[in-house]
Amino acid sequence: MMERFLPEKEEGYVVAVVGATGAVGKTMLEILEERKFPISKVIPIASSRSAGSTVSFNGKDVVVQDLATFEPEGVDIALFSAGGGTSKEHAPRFAEAGCYVVDNSSAWRMDEDIALVVPEVNPETLEMARYNRIIANPNCSTIQMVVALKPLHDVVPIERVNVSTYQAVSGAGGMAIEELAKQTGALLNGRSAEVEVFPARIAFNVIPQIDVFMDDGYTKEERKMMDETVKIMGADIAVTATTVRVPVFYGHSEAVNITFAGDMDADRARDLLADAEGVCVVDDPATEDYAMPSEAAGSDPVWVSRIRNDNSFRNSLHLWVVADNVRKGAALNAVQIAEILIR
Ligand code: A2P
């Protein structure tokens, strides 16, 4: 049993959500409500642009505070989802004030002193947060993949993973959601589509670039998936990724090819995944049953389908893995970490 991180508080905890007006921040508030997180006071925080506006929590309007002038003393837990720069600048002052920060940006993920946590996979690494008080929430595509990999790896070690993603626009924030809607409307009405958020038109298109390119030809999103998977799994797994943006609002999909160090086959993997925490298997070719973002959106599990042997190589499998990127890929995972902090 882990020693408690935060003392028991009958009245509940003071919880701040930084980036409360954004796509992930709004969902964090919804999930705190849904899961009845014990809260004495919720503090929505954003930039000066939306400070003074209100967000709804448990049926009440709560005024959004300005991060630049907000004093974190007295906050127990802060869920940050306001970009890497904002986290780098402000998370340390929350942590120094004694608050546990669960940070959804990439600012701290690969820092060796910072825990990178998926509760179903490596909750024990949270111990690292006792002193520095900052916990990193992994990349959305990484989270859903490792939830599916872990129950298999625990039985037969994984040697290599080759993943291609089909990522929803909501992963890029509220403006990106608007861009897909606006471009789709414009094109269907014979107007031209304006490109602002993505590197190319996303409506009726597929973009093989998420985030910026690195010197080795991979994008930063691909690099995140490769590095974070190894850190979270705590194993020397060879990971390669191709990350692609598709015109879907909510729900990332992934075609994952896995090679194991020993015997593994589709039937065994299906049984292991059926019993795994946080996973739902929906996989019936006879009834054409498989997971899709249209159904995964708004749900909590990581859905696994198309479990089949890769007949081209030894001990290898294909999986199709789908999850709501804003929920399990971001907000839900952060709230699950917060739940461990108060347990
Ligand atoms: P704001 O509404 O004031 O711009 P999304 O990921 O959907 O684009 O949302 C980003 C979230 O991060 C929003 O809540 C946004 O607030 C917040 N944010 C962005 N930059 C800052 C900043 N410098 N300080 C505080 N909050 C920020």
Could you identify the single residue in Ala255, Ala238, Ala269 that is farther than 24 Å from Tyr218 by Cα and either in contact with a Pro (Cβ under 6 Å, 6 or more places away or on another chain) or of a type in the set (A, V, I, L, M, F, W, C) (or both)? Ala269
Which pairs turn up if I take residues in the range 62-76 that are more than 13 Å from Val18 (Cβ to Cβ) and away from the ligand (no atom under 11 Å from the Cβ) and look for partners that are open to solvent by less than 10 Å² (accessible area, probe 1.4 Å) and of a type in the set (Ser, Thr, Tyr) with beta carbon separation below 9 Å, at least 6 apart in sequence or on another chain? Asp76/Tyr13; Asp76/Tyr100
Just one of Val118, Val102 is within 16 Å of the ligand (Cβ to nearest atom), crowded, with 24+ Cβ neighbours inside 10 Å and not in a helix (DSSP H, G or I); which is it? Val102
Report every pair of residues separated by at least 6 positions or lying on different chains whose Cβ atoms are under 7 Å apart, first residue within the range 83-95 and in a helix (DSSP H, G or I), second open to solvent by 40 Å² or more (accessible area, probe 1.4 Å). Gly84/Ser106; Ala95/Asn132; Ala95/Arg133
Would you mind telling me which numbered condition in (1) at positive phi; (2) away from the ligand (no atom under 16 Å from the Cβ) Gly173 fails? (2)
Determine if the range 298-320 includes at least one residue that is over 20 Å from Leu149 (Cα atoms) and either in contact with a Gly (Cβ under 7 Å, 6 or more places away or on another chain) or of a type in the set (A, V, I, L, M, F, W, C) (or both). no
Restricting the first residue to the range 281-300 and requiring it to be over 19 Å from Glu30 (Cα atoms), which pairs with a second residue that is open to solvent by 70 Å² or more (accessible area, probe 1.4 Å) meet a Cβ separation below 6 Å and a spacing of at least six or different chains? Val282/Asp289; Tyr290/Arg306
So Ala269, is it on the phi < 0 side of the Ramachandran plot, of a type in the set (Gly, Ala, Ser) and surrounded by 20 or more Cβ atoms within 10 Å (Cβ to Cβ): yes
Kindly establish whether Phe260 is aromatic (Phe, Trp, Tyr) and open to solvent by less than 50 Å² (accessible area, probe 1.4 Å). yes
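Table: residues versus (1) of a type in the set (A, V, I, L, M, F, W, C); (2) open to solvent by 20 Å² or more (accessible area, probe 1.4 Å); (3) modelled with pLDDT of 95 or more.
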site: Cys280; (1), (2), (3): yes, yes, yes
site: Asp283; (1), (2), (3): no, yes, yes
site: Thr287; (1), (2), (3): no, yes, yes
site: Ala296; (1), (2), (3): yes, no, yes
site: Trp303; (1), (2), (3): yes, yes, yes
site: Arg308; (1), (2), (3): no, yes, yes
site: Asn315; (1), (2), (3): no, yes, yes
site: Asp324; (1), (2), (3): no, no, yes
Being in a strand (DSSP E or B) and either of a type in the set (Val, Ile, Thr) or touching a Lys or Arg at 6+ places or on another chain (Cβ under 6 Å) (or both) narrows it down to one of Ile31, Ile43, so name that one. Ile43
Give me the residue from the range 5-55 that is away from the ligand (no atom under 16 Å from the Cβ) and of a type in the set (Gly, Ala, Ser) and, out of that set, least open to solvent (accessible area, probe 1.4 Å). Gly12
Residue match in the range 60-74 (condition: in contact with a Phe, Trp or Tyr (Cβ under 6 Å, 6 or more places away or on another chain), open to solvent by less than 50 Å² (accessible area, probe 1.4 Å) and not hydrophobic (A, V, I, L, M, F, W, C)): yes
Residue by residue through the range 121-136, note down the ones that are touching a strand residue (DSSP E or B) at 6+ places or on another chain (Cβ under 6 Å) and either buried (at least 24 other Cβ atoms within 10 Å of the Cβ) or within 22 Å of Glu222 (Cα to Cα) (or both). Ile134, Ile135, Ala136
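The values are calculated or read from the model by the stated rules, or taken from the named source; none is laboratory data. Not measured: the values here are computed from a predicted model. Glycine gets a Cβ as well: all are built from the backbone with ideal geometry, and neighbour counts include every protein chain shown. These area figures cover heavy atoms from the full protein model, side chains too; ligands, DNA and RNA do not enter into them. Shrake-Rupley method; radii C 1.70, N 1.55, O 1.52, S 1.80 Å.
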